[in-house]
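The structure appears right after this line, and notes come after that.
The values are calculated or read from the model by the stated rules, or taken from the named source; none is laboratory data. Quick caveat: nothing in here was measured; it's all calculated off a predicted structure. Using ideal geometry, Cβ is built from the backbone for each residue, glycine included, and neighbour counts are taken over all protein chains shown.
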C-alpha cells in the first residue's frame with residue numbers, strides 16, 4: 001500500500017472522486033471549501049495535483065479552448081484506477097478507525 | 001483585472017507546464033470574487049493566493065528539476081534565467097578573489113558608513129517622538145521680533161493662561177520649566193532634576209502615568225499640598241520598584257511630597273532629558289504674572305487643526321491679546337513650532353552635512369568598484385565576444401554583467417550592515433553629551449530597508465556603465481585578439497573621467513573636513529573672557545523651606561564661602577549664581593538714576609545679572625577694565641557692570657559712580673567698576689549686558705561655588721562636599737566639574753562633526769588613491785607596447801616615469817580644479833556651523849588641494865615604476881604574438 005498522503009493531497013484526491021470528470025483547480029478549491037471550510041491556495045492545489053500525478057494516482061488533460069475564458073484551455077484532472085483504489089482503501093481504513101468514537105470523547109457501546 | 005504586479009510575479013514563479021492553467025484559474029477565481037464581493041476583497045483574495053502560492057510553486061519547481069523535460073529551456077521564465085545568471089556570477093566571482101575581495105570590502109565600507117549615518121538621521125530626525133499622535137504637539141513661543149527680541153522667546157504665566165482658554169486652537173496647553181532640587185531623607189542628600197509642569201502636561205503629551213495618576217486641578221494652585229510623579233528609573237532605583245510606592249512621601253527641597261504616580265518606562269521628558277520627577281506648578285491662575293518670561297510652553301493642537309490653520313488662528317489670537325493687555329503684549333506674536341522640529345533644530349544642519357559626506361564616500365566607493373569592473377570587463381573581452389558570436393544578445397550580456405554587480409553589491413551590503421553595527425556603537429559612544437534622541441539610534445527595519453535600497457542603487461549605479469561598455473559589439477576581431485593589445489582599449493576615457501570625478505568629490509570632502517576642523521580649533525582657542533585654568537565649580541541649592549529669607553541665606557553663603565576658602569589647596573573660593581557654558585542665565589529690569597521711569601515695559605532697561613562674591617573676578621580671572629571690583633561688606637551697595645552694558649547706557653561717558661536700582665523703592669547700587677565681557681553662552685554667543693551684584697545684597701536661592709585651586713577637580717570633590725555638609729548636612733554639592741571640562745563639553749558637537757567629516761574625507765582620499773592606483777596600473781598595462789617602443793627608441797627611465805606620473809597629475813589636477821569649484825558652491829551652506837574661518841578659507845583650500853595632488857602622485861608611483869621596467873623585447877614579442 002502507498003504511503004499516507006499529506007492532508008491537502010488527500011482532500012484533492014477525494015474532491016477528484018466527488019467531482020468526476022469536471023475536476024479543475026477552481027472546482028477542487030470550491031469542493032474543499034464546502035467540505036472543510038478552508039480557502040485553499042490554488043497554487044497549493046496544483047502542487048498537490050502534481051504530486052498525485054507523479055504517484056500515478058491522477059492524470060491531467062487539456063480541455064478544448066473555451067470562449068468564456070478568453071480562449072484559454074482548462075487543465076482537467078481525473079483519478080486513475082490506482083487513485084480510485086487508494087481512496088477506497090483510505091475510506092475503509094478511516095471508517096474502521098473512527099468506529100465507536102464520538103468527537104467529544106465519551107464512550108459508546110457498539111450496537 | 002487582478003493586480004498586475006502580483007500576477008507578473010506569479011507568472012515568473014510558476015513552472016512552465018502549469019503556468020497558463022494556474023493563471024487562468026486564478027483569474028477565474030478573481031472574477032468570481034469580484035462579482036460576489038467587490039473589487040477590494042477580490043484583490044485581497046488574489047494577493048493572499050499569491051502569498052500562499054509561493055511555497056507550493058517553489059516546491060513544484062524543485063520537483064521538476066529532477067525530471068527530464070524537453071520543454072524546460074524553451075519555456076525558461078525570467079526567474080529561471082535570473083537564477084542561472086546568479087549561479088554563473090557566483091562561480092565567476094568566487095574564482096577571482098583578487099577582484100572580488102577589494103570590490104566587496106570597498107562596498108562594505110561605503111554602505112556600512114552610509115547605513116550607520118542614516119541610522120542616526122533616522123533615529124534623531126525621522127522617528128516620531130514617543131508621544132501619542134506626536135505630529136499634533138507644538139512648542140508655543142512668544143514671537144518678540146516686533147520688539148527687537150528673539151523669534152523664540154519663552155512665555156509669561158499670563159499668556160499661558162490666555163492661550164489655554166483658546167479651545168478651538170489648542171486641545172491642551174502645558175508649561176514646563178527645569179526643577180533642580182535636593183532629595184533628602186534617603187541617605188546622603190542628593191541633587192535631583194525634574195520638570196515643574198502645569199497640570200495638563202500629561203494630556204498634551206498623551207502619556208499618562210503607568211501607575212497612579214497625574215495632577216488634579218486643586219494641586220496646581222498656590223499653597224496646594226505638594227505632590228510628585230516619579231520617573232520609571234527613579235522608582236526602580238530609589239524605591240526598588242515597590243508596587244505600593246503611590247501614597248508614600250519623599251522630601252524634596254526640605255518639603256514633604258506625596259507620590260501620586262509613576263511614569264511608564266521609556267517616557268521622554270520634554271526639556272530635562274534626565275528628569276527624575278514631575279511636580280505641578282502652583283500658579284495663581286486668577287491674576288497670573290505677566291512680566292517675566294519664565295515658561296517653556298507646549299500644546300496639543302485641537303483635533304483636525306493643521307499647523308497652517310493653527311498659525312493663522314494664533315496670529316489672530318496674538319492680536320486679541322495685544323488689545324487686551326497692551327502693557328504687556330504689545331508686539332508679542334505667537335510662534336508655533338512642531339515639537340519634533342524643535343527637538344532636532346540645532347542638530348539638523350550637522351546631520352545634513354554628515355549625510356552628504358557619507359554619500360560622497362559611497363559615491364567614491366561605487367566609482368572604485370566601477371573601475372574594477374571595467375578593468376575586469378576588458379580582461380573578459382574574449383569571453384564576452386565568444387558569447388555574442390554564439391548569439392547572445394546585448395541585453396543578455398548586460399543582464400549577466402548587471403547580475404554580477406548586484407551580487408557584489410548585495411554581499412557588500414550584508415557586510416556593510418555588520419560594519420554599520422560597529423559604526424553605530426562607536427557613534428553612540430562618541431556622540432556629544434546632550435545630543436537629542438541619541439538613545440533612539442539603532443538598526444531598525446527602516447534602516448535596513450534603507451541599506452537594501454542603497455545597496456541595489458549602488459549595484460546598478462556602478463554596474464551599468466561597465467556593463468554597457470563591455471557589451472558593445474566590437475566586430476569579428478574581438479574573439480581572436482588578446483584583449484589587451486589594442487592601444488585605445490575600451491573604457492579608457494570613461495576611466496579617466498571616473499578618476500577625475502573621484503578626486504573632485506574627495507576634495508570637496510577634504511575641504512569640508514578642513515573647514516570644520518579649523519572651526520573646532522578656533523572654538524578651542526577662542527577667548528571667552530575668563531581663565532578656566534584650575535577652576536572647579538559645584539552647585540549648591542539651599543532649600544527655600546529651610547532658608548526662607550535673605551538673612552538666613554546670606555548667613556549660609558557666608559559660611560560655605562568661608563569653609564571652601566579654608567579647604568587646603570584652594571587659592572581663591574568664590575560664589576556665583578550663573579556659571580559660563582552651563583546654559584542658564586537670568587535677567588531683570590533696572591532703573592538708572594536720573595533717567596525717567598519707564599511708562600511701558602518696552603521702555604524698561606534690562607540686563608542679565610549674576611549674584612557673586614567679591615572674590616569672583618579673581619577666581620574666574622575676569623579682567624576689570626575700569627574702576628575696581630566689589631568689596632566684601634561695602635558700606636553702600638555696589639555693583640560691577642560689563643563693557644557691553646557700559647557702552648549701551650553710557651557711551652563715551654564715565655559709568656563709574658552712577659547708580660542703578662532694581663525696583664521702584666529698592667536701594668541704589670553704585671557702579672564700582674567695569675569688567676571685560678565674558679561670553680557666558682560660549683564662543684558663538686553674543687556679548688550681552690551683564691551686571692554683577694554682591695550676594696549679601698541680593699541672596700537669591702541657588703548658587704555655585706567657584707574654586708581656583710591647582711591640582712585637578714577630583715581632589716576637591718570630597719573636601720567641598722564636607723565643607724558644605726559642615727554648614728548643613730542636608731545640602732549636597734551637585735555636578736562638581738572643572739571649568740575646562742565645561743569648555744570641552746561646549747565644543748563637543750563641533751568636535752564630533754569635524755571628527756566624522758575628517759574621517760570620511762580621509763576614507764574618501766584613501767579610496768581615491770586606490771582608484772588612481774588601479775586605473776594607472778591598467779593604463780600602463782594598456783600602453784606597454786607604446787612604452788616598449790619608446791624605450792627601444794632610446795627613452796630613459798626618468799622620461800618613462802614622468803610619462804605616467806604626468807598623466808596622473810594631469811587627471812588629478814582637473815579633478816582638484818572641479819572639486820575646488822564644487823567646494824566654493826557648497827561650503828557657504830555650512831553657514832553657522834563655521835566659526836572663525838571663512839567658507840572660502842584660502843589656507844584650507846590650498847592645503848587640501850596640495851594634499852590630494854600628493855596622494856594622487858604617490859598612488860601612481862607604483863604603476864609608473866612598473867612602466868620603467870618594461871623590457872622592449874618581451875613586450876613587443878608578446879603583443880605581436
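Quick look at the values:
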{"item": "The listed residue being modelled with pLDDT under 90, under 15 Å from residue A:41 (Cα atoms) and at the interface with chain A (Cβ under 9 Å from one of its Cβ atoms), out of B:67, B:23", "result": "B:23"}
{"item": "Subset of segment B:1-16 [within 9 Å of chain A (Cβ to nearest Cβ), part of a helix (DSSP H, G or I) and more than 12 Å from residue A:42 (Cβ to Cβ)]", "result": "B:13"}
{"item": "Test for residue B:57: is it modelled with pLDDT under 85 and within 12 Å of chain A (Cβ to nearest Cβ)", "result": "no"}
{"item": "Test result for residue B:747, in contact with a strand residue (DSSP E or B) (Cβ under 9 Å, 6 or more places away or on another chain), buried (at least 21 other Cβ atoms within 10 Å of the Cβ) and under 30 Å from residue B:571 (Cβ atoms)", "result": "no"}
{"item": "Any hit, segment B:340-363, residues being touching a strand residue (DSSP E or B) at 6+ places or on another chain (Cβ under 6 Å) and buried (at least 16 other Cβ atoms within 10 Å of the Cβ)", "result": "yes"}
{"item": "Selection within segment B:618-675 - closer than 24 Å to residue B:570 by Cβ and in contact with a strand residue (DSSP E or B) (Cβ under 6 Å, 6 or more places away or on another chain)", "result": "B:618, B:619, B:622, B:624, B:628, B:629, B:630, B:640, B:675"}
{"item": "Sole exception among (1) within 13 Å of chain B (Cβ to nearest Cβ); (2) assigned to a helix (DSSP H, G or I); (3) at pLDDT below 90 for residue A:46, by number", "result": "(3)"}
{"item": "Filter result for residue A:40 (outside any helix (DSSP H, G or I), at the interface with chain B (Cβ under 10 Å from one of its Cβ atoms) and either farther than 20 Å from residue B:21 by Cα or at pLDDT 85 or above (or both))", "result": "yes"}
{"item": "Answer from B:128, B:157 - the residue that is crowded, with 21+ Cβ neighbours inside 10 Å and at pLDDT below 90", "result": "B:157"}
{"item": "Boolean, residue B:711 is in contact with a helix residue (DSSP H, G or I) (Cβ under 8 Å, 6 or more places away or on another chain), in contact (Cβ under 8 Å) with a residue 40 or more places away in the chain, closer than 30 Å to residue B:190 by Cα and surrounded by fewer than 18 Cβ atoms within 10 Å (Cβ to Cβ)", "result": "no"}
{"item": "Count - residues of segment B:26-38 that are more than 9 Å from chain A (Cβ to nearest Cβ), touching a helix residue (DSSP H, G or I) at 6+ places or on another chain (Cβ under 9 Å) and either in contact (Cβ under 8 Å) with a residue 60 or more places away in the chain or within 15 Å of residue B:1 (Cβ to Cβ) (or both)", "result": "5"}
{"item": "Residue count for segment B:295-324, restricted to those that are surrounded by 15 or more Cβ atoms within 10 Å (Cβ to Cβ) and under 24 Å from residue B:217 (Cβ atoms)", "result": "10"}
{"item": "Test for residue B:555: is it touching a strand residue (DSSP E or B) at 6+ places or on another chain (Cβ under 8 Å) and modelled with pLDDT of 90 or more", "result": "no"}
{"item": "Which listed residue is more than 21 Å from residue B:45 (Cα to Cα) and either at pLDDT 85 or above or within 14 Å of another protein chain (Cβ to nearest Cβ) (or both), from A:58, A:103", "result": "A:58"}
